[in-house]
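The values are calculated or read from the model by the stated rules, or taken from the named source; none is laboratory data. For clarity, every value in this text was computed on a predicted model and none was experimentally measured. Virtual Cβ from ideal backbone geometry, glycine too; neighbours counted across all protein chains shown.
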Amino acid sequence: MQLYPNLTFDGQCEAAFQFYEQCFHGRTVFSMTYAESPQGPPVPPDWGSKITHATFAHPDFTLHGADVPPDRYQKPQGFSLQLNLSDPTEAERIFNTLAEAGTVQMPVQETFWALRFGVLVDRFGIPWLVNCEQTR
């Protein structure tokens, strides 16, 4: 079994996945707009260029995403995506990149369980935990 987070956006899916490409050094391997889709939910007329489905691939994880029509979009809540890294320098780089124009809830720092740990919501409203555990 595999778990693939499916993120929803308020019209910024394409920009978010481009940002994640830069941040995580992965790539968007599939993207389809509402205009390209043979079937999809009714969307406003100006939403043809918005994303109905996209897949972001990294060697260690996969994200799916879509723009949700304005009348059905809800701000993400009740979850966070946690990244577990083994390199504290890379953990700091990823945290700082995700934090650009986002909201830092706990700055990246050493904790009793981690060499680096931080909590933030990125500029697209997605909550993240960045964790670099201490080796035992």
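Structure above, values below:
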{"read-out": "For residue 4: the one exception among (1) under 21 Å from residue 130 (Cα atoms); (2) surrounded by 15 or more Cβ atoms within 10 Å (Cβ to Cβ)", "value": "(2)"}
{"read-out": "Test: residue in segment 88-100 that is outside the structural domain of residue 121 (by TED's automatic domain parsing) and among the basic types (Lys, Arg)", "value": "no"}
{"read-out": "Hits in segment 87-128 (condition: in a strand (DSSP E or B), in contact (Cβ under 8 Å) with a residue 12 or more places away in the chain and surrounded by fewer than 17 Cβ atoms within 10 Å (Cβ to Cβ))", "value": "103, 104, 105, 106"}
{"read-out": "Residue match in segment 43-55 (condition: within 13 Å of the chain's Cα centre (by Cα), under 17 Å from residue 128 (Cα atoms), hydroxyl-bearing (Ser, Thr, Tyr) and surrounded by 15 or more Cβ atoms within 10 Å (Cβ to Cβ))", "value": "no"}
{"read-out": "All strands (runs of 3 or more DSSP E) inside segment 39-85 with 2 or more residues being of a type in the set (Gly, Ala, Ser)", "value": "51-58, 61-67"}
{"read-out": "Test set (1) within 13 Å of the chain's Cα centre (by Cα); (2) exposed (fewer than 14 other Cβ atoms within 10 Å of the Cβ); (3) aliphatic (A, V, I, L, M) - residue 35 fails condition number", "value": "(1)"}
{"read-out": "Identity of the residue in segment 56-86, of a type in the set (A, V, I, L, M, F, W, C) and in contact (Cβ under 8 Å) with a residue 60 or more places away in the chain, that ends up surrounded by the fewest Cβ atoms within 10 Å (Cβ to Cβ)", "value": "81"}
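This table checks each residue for (1) out of contact with any Leu (no Cβ under 8 Å at 6 or more places or on another chain); (2) within 29 Å of residue 11 (Cα to Cα).
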| residue | (1), (2) |
| --- | --- |
| 84 | yes, yes |
| 88 | no, no |
| 110 | yes, no |
| 132 | no, no |
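Conditions tested, residue by residue: (1) farther than 19 Å from residue 16 by Cα; (2) within 15 Å of the chain's Cα centre (by Cα); (3) modelled with pLDDT of 95 or more.
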residue: 27; (1), (2), (3): no, yes, yes
residue: 40; (1), (2), (3): yes, no, no
residue: 63; (1), (2), (3): no, yes, yes
residue: 71; (1), (2), (3): yes, no, no
residue: 89; (1), (2), (3): yes, no, yes
residue: 94; (1), (2), (3): no, yes, yes
residue: 106; (1), (2), (3): yes, no, yes
residue: 114; (1), (2), (3): yes, no, yes
residue: 129; (1), (2), (3): no, yes, yes
